[in-house]
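Have a look at the structure below before the remarks.
The values are calculated or read from the model by the stated rules, or taken from the named source; none is laboratory data. From a predicted model like this one, the values you see are computed outputs, not experimental measurements. Every residue, glycine among them, receives a Cβ derived from its backbone with ideal geometry; neighbour counts consider all protein chains shown. Ligands, DNA and RNA are stripped out before the accessible areas are found, and what is left, the full protein with its side chains, is counted by its heavy atoms. Shrake-Rupley method; radii C 1.70, N 1.55, O 1.52, S 1.80 Å.
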Amino acid sequence: MRAAAITDVAEVNPSLPRALRTRDGAEAVPFLPMAAVSEDGRASYHERRSLAELITGHTYFERGDVIVAKITPCFENGKAAHLIDLPADFGFGSTEFHVVRPGPELDGRYLFHALWNTGFRRIGARYMTGTAGQKRLPADTLRRHRVPLPSLAEQRRIAAVLDKADGIRRKRRESLRLLDEFLRSAFLEMFGDPVRNEKGWPTMPLAELGRVVTGSTPPTDDVDNYSDAGLPFIRPAQLDEASPITASDRHVAPKGQRLVEVLPAGAVLFCGIGATIGKSGYTAVPVCVNQQIHAVILNRDTMTPAYLLMVLRQARTAIVSRATATTLPILKKSAFERQRVPTPPIGLIERYARLYDRAVAVLNRSMQAGAHAADLFDSLAQRAFGGEGQRSS
């Protein structure tokens with residue numbers, strides 16, 4: 001099958017039309033900040049700004065274009081959208097988007113799927129440039145990336161199949177969202193808001209509820225610190241607020257474990273730095289964590305992991321406000337330890353923990369089904385676009 005570089009069948013980052021500068025600057029047009037584009041391939045068009053405000057210093061696009069986040073971690077996380085439903089002929093967005101406009105040989109939906117799949121993201125991640133936390137996908141890498149080019153009819157058929165597979169994934173994610181909403185609602189009904197503490201529960205600082213530790217990373221220049229069968233090594237990307245953490249894509253060997261703190265099952269984790277600050281989770285097995293994560297090893301006679309996890313999730317904004325404002329927000333361990341937590345009777349806390357455990361069991365079954373749906377989508381995308389086979393030269 002014929003393959004083509006994107007630059008041969010599409011326009012990357014098209015320029016602003018000159019005629020646009022003659023239009024009324026007061027005209028309200030759609031604006032897409034990075035937050036308005038989701039990792040599941042959708043854009044939210046709620047924000048509008050004046051043309052005069054946007055025409056300089058923002059990214060221009062038109063209805064039918066495909067936009068792809070170029071900055072880490074948004075690119076790796078899959079922030080992209082096909083703007084077929086843009087509620088105007090044109091709009092503007094964050095400067096951290098690349099815009100790709102399909103030519104006559106390329107179906108827009110097919111192009112979207114070619115750029116919104118894990119294979120392309122793995123390739124793109126290898127070519128990103130810049131400093132840590134500010135790496136970006138170069139436009140030339142996008143231009144050189146090659147995609148298979150069947151007939152337009154076949155492109156539309158492939159895009160339709162991928163849309164159906166993605167629809168299954170979306171339904172699974174929606175069921176997870178509803179179950180999570182149930183857990184939040186049950187928590188608020190039983191305990192109230194942990195920040196306002198309108199039910200007047202006594203409070204204690206985190207430091208008195210357990211031992212607070214900050215993780216660390218075994219030296220990576222010694223390969224003997226890591227192994228395929230060691231303890232899971234948790235970084236912010238592995239924090240899972242939906243269910244207890246049991247696995248990671250990286251493991252610490254016994255040698256590396258002697259250099260770091262090994263956390264027991266039931267430790268509650270909270271990210272203290274950067275774009276993922278405030279992300280939380282708790283462990284179902286012993287793990288090691290990196291230096292971006294604070295962990296609370298609880299005194300189990302006064303608290304349960306499920307209860308504390310939900311407190312941290314509900315109080316996330318208040319806790320993150322304690323962070324030091326630097327290039328990246330940093331929540332120091334001492335500030336985290338001072339966070340006060342409502343302490344209802346242990347019997348009520350344990351009652352919620354039982355409810356949480358039952359819900360998580362349902363959640364895990366749904367997640368397994370969702371994983372099958374995700375695998376199906378990735379497999380179909382791999383077959384359509386060749387994943388690693390379609391490299392940027």
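Pairing residues of the range 34-61 that are farther than 30 Å from R172 by Cβ with residues that are hydroxyl-bearing (S, T, Y) and surrounded by fewer than 14 Cβ atoms within 10 Å (Cβ to Cβ), at Cβ distances under 6 Å and at least 6 apart in sequence or on separate chains, gives T59/T95. For the range 76-100, filtered to residues that are within 16 Å of T141 (Cα to Cα) and either among the β-branched types (V, I, T) or at pLDDT 95 or above (or both), the residue that is most open to solvent (accessible area, probe 1.4 Å) is E96. When the range 211-228 is filtered for residues that are closer than 30 Å to A335 by Cα and in contact with a strand residue (DSSP E or B) (Cβ under 7 Å, 6 or more places away or on another chain), the ones remaining, listed by number, are R211, V212, V213, T214, G215, P218. Only residues that are among the hydrophobic types (A, V, I, L, M, F, W, C), more than 18 Å from L312 (Cα to Cα) and assigned to a strand (DSSP E or B) were counted in the range 210-233, giving 3.
Considering A265, A207, the condition of being touching a helix residue (DSSP H, G or I) at 6+ places or on another chain (Cβ under 8 Å), open to solvent by 10 Å² or more (accessible area, probe 1.4 Å) and outside any strand (DSSP E or B) is satisfied by A207 alone. The set of residues in the range 140-161 that are out of contact with any strand residue (DSSP E or B) (no Cβ under 6 Å at 6 or more places or on another chain) and outside any helix (DSSP H, G or I) comprises H145, V147, P150, S151. Taken over the range 137-171, the criterion of being closer than 25 Å to D40 by Cβ, of a type outside the set (A, V, I, L, M, F, W, C), modelled with pLDDT of 90 or more and surrounded by 17 or more Cβ atoms within 10 Å (Cβ to Cβ) is satisfied by T141, H145, P148, Q155.
Restricting attention to the range 294-330, the residues that are open to solvent by 80 Å² or more (accessible area, probe 1.4 Å) and either of a type in the set (A, V, I, L, M) or part of a helix (DSSP H, G or I) (or both) total 4. Filter the range 331-357 for residues that are assigned to a helix (DSSP H, G or I), farther than 22 Å from S185 by Cα and touching a residue at least 12 places away in the same chain (Cβ under 8 Å) and give the result. Hits for the range 331-357 are K333, A335, F336, E337, R338.
Residues of the range 35-65 that are under 23 Å from T129 (Cα atoms), open to solvent by less than 30 Å² (accessible area, probe 1.4 Å) and either in contact with a Lys or Arg (Cβ under 8 Å, 6 or more places away or on another chain) or not in a strand (DSSP E or B) (or both): V37 alone. Report yes if some residue within the range 235-245 is without any contact (Cβ under 8 Å) to a residue 60 or more places away in the chain and assigned to a strand (DSSP E or B); otherwise report no. Yes: one or more hits.
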